[in-house]
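Reviewing the structure listed below.
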């Protein structure tokens, strides 16, 4: 796999917003991310993404808009994983692994709604 593009963020920047449509996910190389969504006009904190974790994977797999907004907590460095690069690797996995992944993503999406 070719080297991934890395993007640097400052404190309290938006990585992506709930409802956005894009085709990549991120690997958090350093820092911390805050995940939130708007419910009844109020921002609801959903949790944090820590160094070494992924974010944006749900929308990557189900091709639906982002289910939540993601903000930086302090300085962060994220590796951008474009869908075309990951898809080639994913397609090489056994079909049961692909089905398991898609099933888990579907369950997570339904719990985030």
Practice problem: Order these peptides, 53-60, 14-21, by their mean beta-carbon neighbour count within 10 angstrom, highest first. | Solution: 53-60, 14-21
Quiz item: Under the definition of Cα pairs under 8 Å and six or more residues apart, what whole-number percent is the relative contact order of the chain?
Solution: 37
Quiz prompt | Computed over the chain, the ratio Rg/Rh where both radii use C-alpha atoms and Rh is Kirkwood | solution = 0.97
Exercise. Arrange 96, 38 by Cβ neighbour counts within 10 Å, fewest through most, would you?
Key: 96, 38
Quiz item: Taking the simple approach of a point 7 Å from Cα along Cα-to-Cβ for both residue 50 and residue 99, what is their distance in nm?
Solution: 3.4
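No lab work stands behind these numbers, since they all come straight from the coordinates. Bear in mind that the values here come from a model prediction, so they are computed numbers and not experimental data. We place every Cβ from the backbone using ideal geometry, glycine too, and count neighbours over all the protein chains shown.
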